[in-house]
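Read the structure below first, then the notes.
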Amino acid sequence: MKALSIRQPWAWLITRPDLTTPAERAAALEAHGIKPVENRTWEMLYRGPLLIHAGQTMTRADYSACILFLQSDERLRPLLHVLPARHELQLGGIVGQADVVACVRAHESPWFNGPFGVVLHNAKSREFVPLKGALGLFNVQGVYPI
């Protein structure tokens, strides 16, 4: 199984564990309340199921940068009211899964800032599994999509 390590709180914004029903997830996706694209400096050629790994570290600066990003676009500002506090975010393990459907150089989402955007569909949270991550796309044994 392939996995990608993503720093918090970006991993939380992709998986949105606070949304528990398909209707909630669909409404949030429509309202830009779920991050459907993960920005990278490199092109991802892989397509298929992907485990979302929350990186081992998250600095105050990482969290603050996310807050500033959410404040910068009126479509994303409602997320400021639901984003968990820094100390509440899980680190160093698998937190969710999604399907990689494309890697693009442009995307209409306010979440895209490139240069490459890994387009994710069907993102959801899953039970936390502690796991050391790695740079880039990496293989995980024994953890499978649910």
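The values are calculated or read from the model by the stated rules, or taken from the named source; none is laboratory data. It should be emphasised that the depicted structure is a prediction, and the values quoted were computed from it without experimental measurement. All Cβ positions, even for glycine, are placed from backbone atoms using ideal geometry, and neighbour counts span all protein chains on display. Ligands, DNA and RNA are stripped out before the accessible areas are found, and what is left, the full protein with its side chains, is counted by its heavy atoms. Shrake-Rupley method; radii C 1.70, N 1.55, O 1.52, S 1.80 Å.
If you add up the charges near CYS103, with Lys and Arg at +1 and Asp and Glu at -1, over every other residue whose beta carbon is less than 15 angstrom from its beta carbon, what do you get?
Values: positive: LYS2, ARG40, ARG47, ARG105; negative: GLU38, GLU43, ASP99.
Neighbourhood net charge equals +1.
May I ask you to order 120-130, 49-59 by the average number of other C-beta atoms within 10 Å around their residues, highest value first? Could you put the intermediate results ahead of the total?
Numbers: 120-130: 15.5, 49-59: 18.9.
The densest-packed peptide leads the list: 49-59, 120-130.
Report, to one decimal in Å, the Kirkwood hydrodynamic radius for the stretch 33-104 based on all distinct Cα pairs.
Values: mean 1/r = 0.0708 Å⁻¹.
One decimal place: 14.1 Å for the Kirkwood radius.
Looking only at the stretch 85-128, which residues have a backbone nitrogen under 15 Å from a spot 7 Å from the Cα of ALA26 in the C-beta direction?
Counting backbone N atoms under 15 Å from the label point, the list is 122-123.
Relative contact order (percent) for the chain, with alpha-carbon contacts under 8 angstrom and 6 or more residues of separation? Let's see the in-between values first.
Numbers: 290 pairs, mean separation 54.5, N = 146.
The value is 37 percent.
To the nearest 20 debye, what charge dipole does the chain have about its Cα centre, counting +1 at the Cβ of each Lys and Arg and -1 at the Cβ of each Asp and Glu? Write out the running numbers ahead of the final one.
Working: 15 positive and 12 negative charges, 60 e Å.
Roughly 280 debye for the chain.
I want to check the label-to-label distance for MET1 and TRP42. Put each point 7 Å from Cα in the C-beta direction and report it in nm to one decimal.
Label-label distance for MET1 and TRP42, simple model: 2.2 nm.
Return the carbon/sulfur percentage of the accessible area of the chain, one whole number, probe 1.4 Å, all protein chains in place. Provide the component values of the computation, followed by the final result.
Details: 4270 of 7680 Å².
The C+S portion of the solvent-accessible surface of the chain is 56 percent.
Please compute the per residue accessible area over the chain with all protein chains in place, 1.4 Å probe, rounded to a whole number of Å². Write out the running numbers ahead of the final one.
Numbers: 7680 Å² over 146 residues.
I get 53 Å² per residue for the chain.
Pull up all non-local amide H partners of GLY93: gap of 5 or more, or a different chain, and H-to-H distance under 5 Å with H placed in the peptide plane.
Those lying under 5 Å, H to H, from GLY93 are ALA54, LEU131.
Can you bin the stretch 4-73 into rounded, prolate or oblate? Criterion: square roots of the alpha carbon gyration tensor eigenvalues sorted a ≥ b ≥ c, rounded for a/c under 1.5, prolate for a/b above b/c, oblate for the rest. Write down the numbers at each step before the final one.
Details: a/c = 1.57, a/b = 1.09, b/c = 1.44.
In terms of gyration-tensor shape, oblate.
Quick check on the chain: take the gyration tensor over C-alpha atoms, sort the square-rooted eigenvalues as a ≥ b ≥ c, and tell me if it's rounded (a/c under 1.5), prolate or oblate. Write down the numbers at each step before the final one.
On the way: a/c = 1.31, a/b = 1.18, b/c = 1.11.
Verdict is rounded for the chain.
Which Cα, out of ALA28, HIS81, VAL119, lies furthest along the positive dipole direction of the chain (beta carbon charges, K/R +1, D/E -1)?
VAL119
Taking R0 as 22 Å, what FRET efficiency do you get between VAL101 and PHE128 from their Cβ-Cβ distance, rounded to the nearest 0.05? Show your work: numbers first, answer last.
Numbers: r = 25 Å, r/R0 = 1.13.
Efficiency computed from Cβ-Cβ geometry: 0.30.
When the C-alpha atoms of the stretch 69-146 are aligned to their principal axes, what extent does each axis show, in angstrom, from largest down?
Between the extreme Cα coordinates on each principal axis of the stretch 69-146 lie 40, 32, 23 Å.
Which of the peptides 4-17, 26-39 is most tightly packed, and how do the rest follow, going by the mean number of other Cβ atoms within 10 Å of each residue? Show your work: numbers first, answer last.
Details: 4-17: 22.5, 26-39: 17.7.
Order by mean packing, descending: 4-17, 26-39.
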